[in-house]
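Notes follow the structure.
The values are calculated or read from the model by the stated rules, or taken from the named source; none is laboratory data. Since the structure is predicted, the reported quantities are computational estimates derived from the model, not experimental observations. Neighbour counts run over all protein chains shown; Cβ positions are idealised from the backbone, glycine included. Heavy atoms of the whole protein, side chains included, go into the accessibility calculation; ligands, DNA and RNA do not. Shrake-Rupley method; radii C 1.70, N 1.55, O 1.52, S 1.80 Å.
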Amino acid sequence: MARRKKIYEGKAKILYDGPEPGTLVQYFKDDATANNAEKRDVIEGKGVLNNRLSEFFMAGLNAVGVPTHFMKRLNMREQLIRSAEMIPLEVVVRNVAAGSLSKRLGIKEGEPLPRPIIEFYFKDDKLGDPLVGEEHIIAFGWASQQDLDDMVALALRVNDFVSGCMLAVGIKLVDFKIEIGRVWEGDFQRLIVADEISPDSCRLWDIETGKKLDKDVFRQDLGSLSDAYTEVARRLGVIPHNSGPVTRPTLIN
């Protein structure tokens with residue numbers, strides 16, 4: 001489709017004006033960043049894989065009644081999405097101790113948590129996306145108490161769905177982050193899952209070997225990020241099982 005006006009560019013995606021009111025085109029870049037963009041590279045084919053993987057999860061969530069911004073995939077790197085008023089928070093769901101949780105609380109990485117733990121981070125790159133509590137969120141007007149209740153419910157449903165998909169292909173969903181936006185349907189406002197769900201926003205470990213299959217491969221110099229993402233896509237059936245790492249790929253429809 002013809003390229004339209006750029007609305008926003010982030011570290012991994014670009015948003016363009018959509019073909020109809022209330023829509024946007026989301027373009028997935030090949031850029032990889034870590035440590036608040038202090039480390040960066042371009043991984044050929046990464047955007048293609050994330051586009052298809054996010055389509056897989058968002059379409060699946062829509063199908064089971066969890067509302068998302070996803071409407072349809074347009075091509076290898078772009079998808080049509082609903083425009084939403086974004087809540088300035090990252091919602092993180094943790095099933096296993098890893099990353100900043102292990103560092104903050106001294107819990108050994110890999111320790112199963114007694115239940116899914118939900119954390120909120122204020123989206124501000126200059127501040128390093130700090131952890132915030134519900135009191136901060138309500139006091140500063142980022143979301144209401146009802147919004148928070150609905151966000152927790154959405155996050156837990158996403159966790160159930162994505163962890164089930166991963167478990168079926170031998171992958172453990174350690175943790176993930178989502179973003180949530182507000183949309184209006186007639187006179188009523190509802191919250192929807194937005195942004196993306198991909199190995200960029202999840203921690204994924206092979207259940208048998210513990211091998212990391214997410215952006216920690218890039219953060220920690222553990223090998224080829226393209227190989228890791230390709231492995232996830234292959235297991236989920238997003239790309240053919242006999243395919244190699246994505247460079248100039250031919251993906252199945």
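Please verify whether F120 is closer than 13 Å to N95 by Cβ, open to solvent by less than 40 Å² (accessible area, probe 1.4 Å) and aromatic (F, W, Y), treating the condition exactly as stated. I'd like the intermediate steps shown before the answer.
Details: closer than 13 Å to N95 by Cβ: no; open to solvent by less than 40 Å² (accessible area, probe 1.4 Å): yes; aromatic (F, W, Y): yes.
Judged against the criteria, F120 is not a match.
Can you name every residue in the range 115-150 that is among the aliphatic types (A, V, I, L, M) and without any contact (Cβ under 8 Å) to a residue 40 or more places away in the chain?
I117, I118, L127, L131, I138, A139, L148
Please note which strands (runs of 3 or more DSSP E) are completely contained in the range 13-82 and include at least 1 residues that are small (G, A, S), in contact (Cβ under 8 Å) with a residue 60 or more places away in the chain and surrounded by 16 or more Cβ atoms within 10 Å (Cβ to Cβ). Give the steps one after another, and end with the answer.
Working: elements: 13-17, 23-28, 31-34, 39-42, 70-73, 78-82.
Of the strands (runs of 3 or more DSSP E) lying wholly inside the range 13-82, those with at least 1 residues that are small (G, A, S), in contact (Cβ under 8 Å) with a residue 60 or more places away in the chain and surrounded by 16 or more Cβ atoms within 10 Å (Cβ to Cβ) span 31-34.
Can you pull out every residue in the range 109-140 that is of a type in the set (K, R) and either at pLDDT 95 or above or in a loop (DSSP other than H, G, I, E, B) (or both)? Lay out the reasoning, then the answer.
Going residue by residue through the range 109-140, those that are of a type in the set (K, R) are 115, 123, 126.
R115, K123, listed by residue number.
When M86 is evaluated against the numbered criteria (1) touching a residue at least 12 places away in the same chain (Cβ under 8 Å); (2) under 22 Å from E231 (Cα atoms), which criterion, by number, is the only one it fails?
The number of the failed condition is (2).
For every residue, the table says whether it meets (1) in contact with a Cys (Cβ under 8 Å, 6 or more places away or on another chain); (2) part of a helix (DSSP H, G or I); (3) open to solvent by 20 Å² or more (accessible area, probe 1.4 Å).
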| position | (1), (2), (3) |
| --- | --- |
| W142 | no, no, yes |
| F161 | no, yes, yes |
| E208 | no, no, yes |
| D221 | no, no, yes |
| V238 | no, no, no |
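Out of all the residues in the range 194-225, which are in contact with a strand residue (DSSP E or B) (Cβ under 9 Å, 6 or more places away or on another chain) and polar (S, T, N, Q)?
Residues satisfying the conditions are S198, S201, Q220.
Give the residues of the range 163-178 that are open to solvent by 10 Å² or more (accessible area, probe 1.4 Å) and part of a helix (DSSP H, G or I), sorted by residue number.
S163, G164, C165, L167, A168
Given the criterion open to solvent by less than 50 Å² (accessible area, probe 1.4 Å), over 17 Å from L89 (Cβ atoms), modelled with pLDDT of 95 or more and under 14 Å from the mean Cα position of the chain (by Cα), identify the matching residue among L225, L204. Lay out the reasoning, then the answer.
Working: L225 fails: under 14 Å from the mean Cα position of the chain (by Cα).
None of the other options fit; the residue is L204.
For the range 145-159, which positions are in contact with a helix residue (DSSP H, G or I) (Cβ under 7 Å, 6 or more places away or on another chain) and open to solvent by less than 10 Å² (accessible area, probe 1.4 Å)?
Here is the first cut: in the range 145-159, the ones in contact with a helix residue (DSSP H, G or I) (Cβ under 7 Å, 6 or more places away or on another chain) are 145, 148, 158.
Those that are in contact with a helix residue (DSSP H, G or I) (Cβ under 7 Å, 6 or more places away or on another chain) and open to solvent by less than 10 Å² (accessible area, probe 1.4 Å): L148, V158.
Could you list, in sequence order, the residues of the range 192-204 that are free of Cβ contacts under 8 Å to residues at least 60 places away in the same chain and in a strand (DSSP E or B)?
C202, L204
Residue under question is V96, and the condition is that it be open to solvent by less than 30 Å² (accessible area, probe 1.4 Å) and more than 19 Å from R190 (Cβ to Cβ); does it hold? Lay out the reasoning, then the answer.
Working: open to solvent by less than 30 Å² (accessible area, probe 1.4 Å): yes; more than 19 Å from R190 (Cβ to Cβ): yes.
When the stated conditions are applied, V96 passes them.
Within the range 182-198, which residues are over 30 Å from V238 (Cα atoms) and of a type outside the set (D, E, K, R)?
Of everything in the range 182-198, those that are over 30 Å from V238 (Cα atoms) and of a type outside the set (D, E, K, R) turn out to be W184, G186, F188, Q189.
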